[in-house]
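Below: one structure, written as structure tokens.
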Amino acid sequence: MKIHKAPIAGCFLFVPESYRDNRGEFMETYNHREFLAILGEPLHFVQDNQSISKKFVLRGLHYQTGAHAQAKLARVISGRVLDVVVDIRKDSPTFGEYFSTELSARNRKTIFIPKGLAHGFLALEDNTIFSYKCDAFYNPESERGIIYNDPDLKIDWQIEEEKMILSEKDLALPRFNEEIL
């Protein structure tokens, strides 16, 4: 597995090696020893989530607070997304910065999102299956978010806003400076 540091502190991209033969294909998508070597501490995933989205559905930017903050390991099973993380850790050297990357069934990238990052993604194909592991259980009282088009963050979602499909809940999220600062 190839491991790349992302520009956001503590965030990593993993690209698995694929082995093909006349039967099909095999790849390792997670290896606990490799995570332990990178993070320096054990990570215990407790919940797996999966969504299926239409083209141009934008989900996010979401995060959990306090004891319910979640580290995530995310990948695309089918289709492709523009995946975005925003560093909301006030003591981080990359606080207030965002990083985006395409995750797809074709490129097989997996992203590790440490606690303290807001996360969202934009489906770029119909029937995109997005799957992620969490190291803490979902807690509705700890759920927070930041509006996708925050003028201070200036996230480039790479499509026109009028094409985006968002939930009412995500459209009502506060700005970065109202939520974090």
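Every read-out reported here was derived from the displayed coordinates using simple, explicitly stated rules and does not represent laboratory data. The structure displayed is predicted, hence computed values, not measured ones. We place every Cβ from the backbone using ideal geometry, glycine too, and count neighbours over all the protein chains shown.
Here are a few things to note about the model shown:
- E102/Q50 FRET efficiency (R0 22 Å; Cβ-Cβ; nearest 0.05): 0.70
- Our Cα-only numbers for segment 1-74 put the radius of gyration and Dmax at 15.5, 49 Å.
- Cβ crowding within 10 Å averaged over residues, with 72-80, 13-21, 111-119 ranked highest first: 111-119, 72-80, 13-21
- Where trypsin sites (Lys or Arg not before Pro) fall in DSSP loop in segment 140-181, at most 14 other Cβ within 10 Å: K154
- Among D87, D156, D126, the order by Cβ neighbours within 10 angstrom, fewest to most, reads D156, D126, D87.
- Members of K2/K72; K2/K154; K115/K163; K90/K133 lying beyond 23 Å, as alpha-carbon distances in this model show: K2/K154; K115/K163; K90/K133
- Leading residue at positive end of dipole, segment 70-181 (Cβ point charges), from W157, V84, S104: S104
- The string of couplings for segment 37-42 from the Karplus curve (6.51, -1.76, 1.60, θ = phi - 60°) is 5, 6, 7, x, 8, x Hz, one whole number per residue in order, with x for Gly and Pro.
- Net charge of Cβ neighbours under 14 Å - reference I180; Lys, Arg +1; Asp, Glu -1: -3
- Once you divide the Cα radius of gyration of segment 44-179 by 2.2 N^0.38 Å, the number left is 0.98.
- Rounded to the nearest 20 debye, dipole of the chain from Cβ charges on Lys, Arg, Asp, Glu: 520 debye
- Mean Cα-pair separation over length for segment 44-179, i.e. relative contact order, pairs under 8 Å, 6 or more apart, %: 38 percent
- Cα-projected label distance for E34 with E161, points at 7 Å along beta-carbon direction, nm: 3.9 nm
- Between K90 and K115, the simple spin-label model (points 7 angstrom out along Cα→Cβ) gives 1.7 nm.
- 3J(HN,Hα) along segment 154-163: 6, 6, 8, 7, 6, 9, 6, 4, 5, 7 Hz, from the Karplus curve 6.51 cos²θ - 1.76 cosθ + 1.60 with θ = phi - 60°, whole Hz, x for Gly and Pro.
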